[in-house]
Amino acid sequence: MGKRFPALLPEHEAFIRKQHLFFVGSAPTAKDGHVNISPKGYDSLRVFSPTEVAYLDLTGSGNETSTHLAENGRITFMFVALEGAPMILRLYGTGKVILPESPEWEKTAAHFELLPGARQIIAADIHLVQTSCGYSVPFLSYAGERDTLEKWAIHKGEDGLIEYREEKNTTSLDGRRTPIGERSNA
């Protein structure tokens, strides 16, 4: 078992800043629901305090994390050293979805470069930080960010993105309404 901490230490924050990739895990409450793990790239994560983080969530083909957060709030972030000394860092917390029309959006979004396709911000209060060795994780070299998602979002345009989200982001894999779907029913 790795080391546990009640909050991020400065060395944890430094490790997070060096990572080009992180993963987000969430799950519905129902036993028959699908656990979701999503990779995240770009410079999309911010550490606001030793117990508060958020990331800018871009339009994608699913919207599982936001559905799970609306249902039960559980979220895990995982960072893996692919270069340098081995380490795995996990953040366990309770998350929420901040949509562009919510009162918190303007204040929270000010901390991010709003990339094309930005659809929501996922914010989390962290109650446990855990490190583990990562000895079996292979070395991988960072070659740069893919620009495919940004180009796709720009090509779609705002109206196209709204239409895409209505088609792909309003219902989860398990048939539950997402916060975007709830908003569109309002």
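Key figures
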{"item": "Per-region count, the range 79-137, residues within 30 Å of residue 153 (Cα to Cα), free of Cβ contacts under 8 Å to residues at least 24 places away in the same chain and assigned to a loop (DSSP other than H, G, I, E, B)", "result": "5"}
{"item": "Pairs, first assigned to a strand (DSSP E or B) in the range 164-179, second buried (at least 17 other Cβ atoms within 10 Å of the Cβ) and small (Gly, Ala, Ser), C-beta under 6 Å, six or more apart", "result": "171/181"}
{"item": "Enumeration of residues in the range 21-54 that are part of a strand (DSSP E or B) and touching a Pro at 6+ places or on another chain (Cβ under 9 Å)", "result": "22, 23, 24, 36"}
{"item": "Residues (in contact (Cβ under 8 Å) with a residue 40 or more places away in the chain, of a type in the set (S, T, N, Q) and more than 19 Å from residue 111 (Cβ to Cβ)) located in the range 23-64", "result": "26, 29, 36, 59, 61, 63"}
{"item": "Subset of the range 68-113 that is of a type in the set (Ser, Thr, Tyr) and closer than 27 Å to residue 133 by Cα - its residue that is surrounded by the fewest Cβ atoms within 10 Å (Cβ to Cβ)", "result": "94"}
{"item": "Test: residue in the range 8-17 that is touching a helix residue (DSSP H, G or I) at 6+ places or on another chain (Cβ under 9 Å), among the hydrophobic types (A, V, I, L, M, F, W, C) and more than 18 Å from residue 175 (Cα to Cα)", "result": "yes"}
{"item": "Residue identified as of a type outside the set (Lys, Arg), at positive phi and out of contact with any helix residue (DSSP H, G or I) (no Cβ under 8 Å at 6 or more places or on another chain) among 41, 73, 25, 84", "result": "73"}
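No value in this document is a laboratory result; all are computed from the given coordinates. Worth saying up front: this structure is predicted, and the values here are computed from it rather than measured. In this analysis, Cβ positions are derived from the backbone assuming ideal geometry, glycine residues included, and neighbour counts consider all displayed protein chains.
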